[in-house]
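Take a look at this one; I'll ask things after.
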Amino acid sequence: MSNPASTLSYPAALPPIQINRKPLWVALALLAIGAVYLTQSVSLRQSALWIIGALLGVALYHASFGFTQAWRVFVADRRGAGLRAQMFMLALGVLLFFPVLSQGSLFGQPVNGFVSPPGVSVVLGAFLFGIGMQLGGGCASGTLFAVGGGNTRMIVTLVFFIIGSVIATANFDWWSNLPAMAPTSLVKTWGVGTALAANLAVFAFIAWVTTVLEKRRHGHLISFASRTARPASFLQGPWSLLWGGVALVLLNFATLALAGRPWGITSAFALWGAKAYDAIGGDVASWTYWAKQAASLNAPLRQDVTTVMDIGLMLGALAAASAAGKFAPIWKVPARSLAGAVIGGLLLGYGARLAFGCNIGAYFSGILSGSLHAWLWLPAAFVGSALGVRLRPLFGLAVEKTPAASSC
């Protein structure tokens, strides 16, 4: 009789966690200053979104809830705990989001999901993004929380993520004219009940497939409910993937309530890059993409919800890494690994714009929005990620056989 799930046992004695106090106090001070500044210069709502961004960084770091590694270990060795955690998270999410989105309001505020046109650009963009995930070392959320957590290689990935995003906006008009359907909301097209049933069935099927394949390869499962080598601590981690998934859904729902739309990440990267390019003499305002985004381009960054949440996320991850005693930047990066970060970052940025979002905006929040384009994004990005796994050794990057406490 096989054991249905295996977990890691705790050693008899573990050394106490040595908190990195200086970076922890810096992160907390910056978060407090930012909250006060945003309250005074923008609104209390914007300040609250700043704090939600920070909490997302804490959750992502403590649970090591990445998409990149979860896909990689499944491709490499059929370990599916990370994928099952994602399906659990999505199932919980649609149960919360679909009824609210069908009503169109939450606590008296209008709310809308991320619903984008499914088409050729989505498929190609997601495929490129999937390759970039593996070469760059993280997805959009993984890149931000890894940077905040002190991963110096991921700073390079982030810089070229931003550059790739700007390049994509330069010729976005051409890509957007490729064949595509009209934006389609499954919630509005099918109704809440049918959309919920269909989505939950697909999540269950994917989880079942990972279970069958993992048992066939290994004879037992690694549980996503408890996978840590140290008893979990709320403030110092590590959290299980189950805790992480619940936290991400609840914080995404809080984002919907406050911002009127779900959590997104990569639109801010394009905005940062465009503003930087303008600052050195460029003229992005004449590009079709930015002509439609003129209000965002001309407004100060403190008014951009995604920017505020992204920066808050990095500071939250810094606080979490410091509280866990894991903030220890290593500045020497091998040349091949650095090349992977550059190429991966460019593919991540370019692919995210073509696909109307990343693993958060197009996949997580896209599926929670009931958007058909999210269901094109998922398989295309997974295929790209599988190719990226095969390419990693060329850049001196490891391909793990079992999940580790890392998003990269």
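The values are calculated or read from the model by the stated rules, or taken from the named source; none is laboratory data. Fair warning: this is a prediction, and the values are worked out from it, not measured in the lab. Quick reminder, even Gly has a Cβ in these numbers, built from the backbone with ideal geometry, and neighbours come from all protein chains shown. For the accessible areas, the whole protein counts, side chains as well, though only heavy atoms, and no ligand, DNA or RNA atoms are used. Shrake-Rupley method; radii C 1.70, N 1.55, O 1.52, S 1.80 Å.
Just checking, how many residues over segment 119-133 are surrounded by fewer than 24 Cβ atoms within 10 Å (Cβ to Cβ) and either more than 20 Å from residue 164 (Cα to Cα) or in contact with a strand residue (DSSP E or B) (Cβ under 9 Å, 6 or more places away or on another chain) (or both)?
Number satisfying all stated conditions: 2.
Out of all the residues in segment 205-219, is one or more modelled with pLDDT of 90 or more, under 24 Å from the mean Cα position of the chain (by Cα) and open to solvent by 50 Å² or more (accessible area, probe 1.4 Å)?
The answer is yes, given that some residue of segment 205-219 is modelled with pLDDT of 90 or more, under 24 Å from the mean Cα position of the chain (by Cα) and open to solvent by 50 Å² or more (accessible area, probe 1.4 Å).
A further question on this structure: Select from segment 175-204 the residues that are within 20 Å of residue 90 (Cα to Cα) and among the aromatic types (Phe, Trp, Tyr) and write down the one among them that is farthest from the chain's Cα centre (by Cα).
Ranking the qualifying residues of segment 175-204, first place goes to 190.
Going through segment 270-305 one residue at a time, which ones are of a type in the set (A, V, I, L, M), open to solvent by 40 Å² or more (accessible area, probe 1.4 Å) and outside any helix (DSSP H, G or I)?
280 - this is the single residue of segment 270-305 that is of a type in the set (A, V, I, L, M), open to solvent by 40 Å² or more (accessible area, probe 1.4 Å) and outside any helix (DSSP H, G or I).
All but one of (1) under 22 Å from residue 112 (Cβ atoms); (2) of a type in the set (Lys, Arg); (3) under 24 Å from the mean Cα position of the chain (by Cα) hold for residue 275; which doesn't?
(1)
Follow-up question, since we're still on this one. If a residue has to be among the aromatic types (Phe, Trp, Tyr) and buried (at least 18 other Cβ atoms within 10 Å of the Cβ) to count, how many in segment 306-343 make the cut?
1
Only one of 138, 150, 113 is open to solvent by 10 Å² or more (accessible area, probe 1.4 Å), modelled with pLDDT under 95 and not in a helix (DSSP H, G or I); which?
Going through 138, 150, 113 in turn, just one is open to solvent by 10 Å² or more (accessible area, probe 1.4 Å), modelled with pLDDT under 95 and not in a helix (DSSP H, G or I): 150.
Look at residue 56 and say whether it is among the aliphatic types (A, V, I, L, M), open to solvent by 20 Å² or more (accessible area, probe 1.4 Å) and closer than 22 Å to residue 366 by Cα. Can you show your working first?
Details: among the aliphatic types (A, V, I, L, M): yes; open to solvent by 20 Å² or more (accessible area, probe 1.4 Å): no; closer than 22 Å to residue 366 by Cα: yes.
For residue 56, the condition - among the aliphatic types (A, V, I, L, M), open to solvent by 20 Å² or more (accessible area, probe 1.4 Å) and closer than 22 Å to residue 366 by Cα - is not met.
Applying the selection to segment 163-200, what residues are under 14 Å from residue 374 (Cβ atoms) and in a loop (DSSP other than H, G, I, E, B)?
Answer for segment 163-200, where residues must be under 14 Å from residue 374 (Cβ atoms) and in a loop (DSSP other than H, G, I, E, B): 181, 183, 184.
I've got another one for you. Can you tell me which residues in segment 321-356 are small (Gly, Ala, Ser), outside any loop (DSSP other than H, G, I, E, B) and within 23 Å of residue 61 (Cα to Cα)?
Correct list: 321, 322, 323, 337, 340, 341, 344, 345, 349, 352.
If we keep just the residues of segment 287-321 that are within 21 Å of the chain's Cα centre (by Cα) and polar (S, T, N, Q), which is nearest to residue 26 (Cα to Cα)?
Here the residue is 307.
Right, here's the next one. In segment 67-91, which residues are in a loop (DSSP other than H, G, I, E, B) and either on the phi < 0 side of the Ramachandran plot or surrounded by 18 or more Cβ atoms within 10 Å (Cβ to Cβ) (or both)?
Passing the criteria: 67, 79, 80.
Also, I was wondering about something else. Given the structure, is residue 364 surrounded by 23 or more Cβ atoms within 10 Å (Cβ to Cβ), closer than 15 Å to residue 56 by Cα and touching a residue at least 24 places away in the same chain (Cβ under 8 Å)?
Yes, satisfied.
Just checking, does segment 92-104 include any residue being free of Cβ contacts under 8 Å to residues at least 12 places away in the same chain and open to solvent by 20 Å² or more (accessible area, probe 1.4 Å)?
yes
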